[in-house]
Ligand SMILES: C[S@@+](CC[C@H](N)C(=O)[O-])C[C@H]1O[C@@H](n2cnc3c(N)ncnc32)[C@H](O)[C@@H]1O
């Protein structure tokens, strides 16, 4: 199985999954605005590209990039940006978390949602994130917890205001969640393959936190 999400799964993902996250993306964008972060902001594993679009709407002066290893995802993202009239604000390109094509110390903020669990060698991605971030730059990485309880799943859906947007009834999604390709077991982010890659990475300042049905991994280049 490839790391990326190729056609036709990319089309399904755009239509039934990624658009459900828009309210969450708005909250992340509001955090970017509240922290007064601008400059160059990169979304790794952008998929259909909606997170950088929401950031573009709230952070007027940011230079935004969306990078994905799937060619079809990048096409979808470009089309979504055109539909929103933001194609001149966000540049999407085919690239890998391991090799973004961006310059050393050139990025102010890295964002990523739902992508870390796709990476076969997360350590290579953390090396690349460290290389491209400027000193003081941060990476905010969010990924699913496949062992979240049904109550945590429901609380997160409620907190992120997703109830009205779900493609299937919540009782069904709650039961399906551990069997969907949503993320790793929590332990993997702490002491498993991702946790070990983090502790071996050049990042000395990082924090892994459990937040309902997902984890947040915050990295800072010192
Ligand atoms: C589950 S989707 C998440 C998409 C979007 N960020 C979201 O939250 O809906 C994971 C994305 O990561 C991409 N991906 C997987 N491995 C990658 C890699 N090594 N480098 C860049 N993108 C990758 C996939 O093609 C896919 O679009």
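The values are calculated or read from the model by the stated rules, or taken from the named source; none is laboratory data. No experiment lies behind these values; they were computed from the predicted model shown. Ideal geometry is used to build each Cβ from the backbone, glycine not excepted, and the neighbour counts take in all protein chains shown.
The table below gives the values:
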| item | result |
| --- | --- |
| Residue pairs meeting the criteria (Cβ under 7 Å; at least 6 apart or on separate chains; first closer than 12 Å to residue 142 by Cβ, in region 107-130; second more than 7 Å from the ligand (Cβ to nearest atom) and in a helix (DSSP H, G or I)) | 110/129; 111/28; 116/122; 116/194 |
| The lone exception for residue 111 - which of (1) touching a strand residue (DSSP E or B) at 6+ places or on another chain (Cβ under 6 Å); (2) modelled with pLDDT under 95 it fails | (2) |
| Residues satisfying the stated conditions in region 199-212, i.e. in contact with a strand residue (DSSP E or B) (Cβ under 6 Å, 6 or more places away or on another chain) and touching a residue at least 40 places away in the same chain (Cβ under 8 Å) | 203 |
| Scan of region 131-147 for residues that are touching a strand residue (DSSP E or B) at 6+ places or on another chain (Cβ under 8 Å) and under 15 Å from residue 42 (Cβ atoms), ordered by number | 132, 133, 134, 137, 138, 139, 140, 141, 142 |
| Filtered residue count, region 154-186, keeping only those that are assigned to a helix (DSSP H, G or I) and surrounded by 13 or more Cβ atoms within 10 Å (Cβ to Cβ) | 12 |
